[in-house]
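These notes concern the structure reproduced below.
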Amino acid sequence: MSKIAIMGAMPEEVAPIVAKLDDLKETVYAANTYYEGSYKGQEVVVAYSKIGKVFATLTATMLIEKFGCDRLLFSGVAGAISDDLKIGDLIIADGLCQHDLDITAFGHPFGYVPEGEVCIPTDITLRNIAKEVAEGKGLILKEGIIATGDQFVANSERKEWIGETFKASALEMEGASVAVVCNALDIPFFILRAISDSADMDASFNFDEFLESSAKISADFILSMVDTIER
Ligand code: 4EH
């Protein structure tokens with residue numbers, strides 16, 4: 001039977017999912033808690049990584065290599081770049097890039113290192129399942145490039161630069177790490193984010209106000225996807 005990893009970065013991003021699991025078993029490993037359980041008969045392992053690319057890389061690797069997950073779904077919040085993304089809106093990544101990766105001094109484009117790629121695409125089957133779920137629920141699901149970096153962006157100029165340089169619609173701090181790990185290990189993956197702020201001067205205030213509600217919107221959607229995924 002397949003085992004689905006569900007990952008977030010912050011406790012608030014996974015709490016609504018952990019709350020719905022049956023046969024819950026907690027395992028502490030490599031300084032994270034992993035929640036093994038089932039949702040409507042589907043085996044899942046849920047974890048939050050802590051914030052940023054390094055922690056996200058560690059957790060995604062463990063979910064696959066230590067816990068044996070064969071697919072990974074990320075649920076969480078993001079800052080909007082695109083003007084048509086408002087607080088609470090859902091966006092799925094069609095690709096992920098690292099906006100803070102810079103060896104342009106050697107003539108490479110932003111986000112690129114040799115033997116890597118600027119933008120890593122997400123699994124098309126999982127994206128299609130998400131669209132099916134959205135249609136069934138009458139929800140609007142935006143799709144676009146999500147840019148990842150080890151910065152909480154609260155600055156309009158930085159946000160515009162990321163948008164223009166990577167054609168990105170939203171930004172966060174973990175998605176591209178998951179993409180690198182899953183791409184290398186050939187594990188189908190999916191990144192969903194609900195908007196918590198607009199990465200501008202109001203970002204930290206909006207974030208504090210909307211983290212919980214937006215995280216819940218994303219988490220509920222992910223649970224519906226698990227429900228829909230063929231066992
Ligand atoms: O995991 C980090 C969280 C912010 S840092 C990335 N998450 C939320 C997505 C996100 C984001 N990332 C970069 C939402 N808005 C973002 C933005 N820029 N504007 C954090 C949050 N609270 C306490 C401590 N750190």
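For Lys131, the conditions (1) open to solvent by less than 80 Å² (accessible area, probe 1.4 Å); (2) charged (D, E, K, R); (3) more than 9 Å from the ligand (Cβ to nearest atom); (4) in a helix (DSSP H, G or I) are fulfilled apart from (1).
Residues that are within 14 Å of the ligand (Cβ to nearest atom), assigned to a loop (DSSP other than H, G, I, E, B) and touching a Leu at 6+ places or on another chain (Cβ under 8 Å) within region 87-120 comprise just one, His99. Taking the numbered list (1) under 28 Å from His108 (Cβ atoms); (2) touching a Phe, Trp or Tyr at 6+ places or on another chain (Cβ under 8 Å) in turn, Val226 passes all entries but (1).
Selection of region 1-25 for residues being among the acidic types (Asp, Glu) and either within 16 Å of the ligand (Cβ to nearest atom) or under 14 Å from Lys66 (Cα atoms) (or both) yields Glu12, Glu13. The test for being assigned to a helix (DSSP H, G or I), in contact (Cβ under 8 Å) with a residue 40 or more places away in the chain and within 16 Å of the ligand (Cβ to nearest atom) holds for Thr165.
Candidates in region 193-222 are the residues that are over 18 Å from Gly144 (Cα atoms) and outside any helix (DSSP H, G or I); of these, the one that is nearest to the ligand (Cβ to nearest atom) is Asp200. So is Asp84 open to solvent by 50 Å² or more (accessible area, probe 1.4 Å), within 19 Å of Gly144 (Cα to Cα) and away from the ligand (no atom under 13 Å from the Cβ) or not? Yes; evaluated as a whole, the condition is true for this residue. Taking region 6-60 as the region of interest, none of the strands (runs of 3 or more DSSP E) fully inside it holds 1 or more residues being at pLDDT below 95 and touching a Lys or Arg at 6+ places or on another chain (Cβ under 6 Å).
The values are calculated or read from the model by the stated rules, or taken from the named source; none is laboratory data. Please read all numbers here as calculations on a predicted model, not as lab measurements. Note that each Cβ is placed from the backbone with ideal geometry, even for glycine, and that neighbours are counted across all protein chains shown. When the accessible area is computed, the model is the full protein with side chains, heavy atoms only, and any ligands, DNA or RNA have been set aside. Shrake-Rupley method; radii C 1.70, N 1.55, O 1.52, S 1.80 Å.
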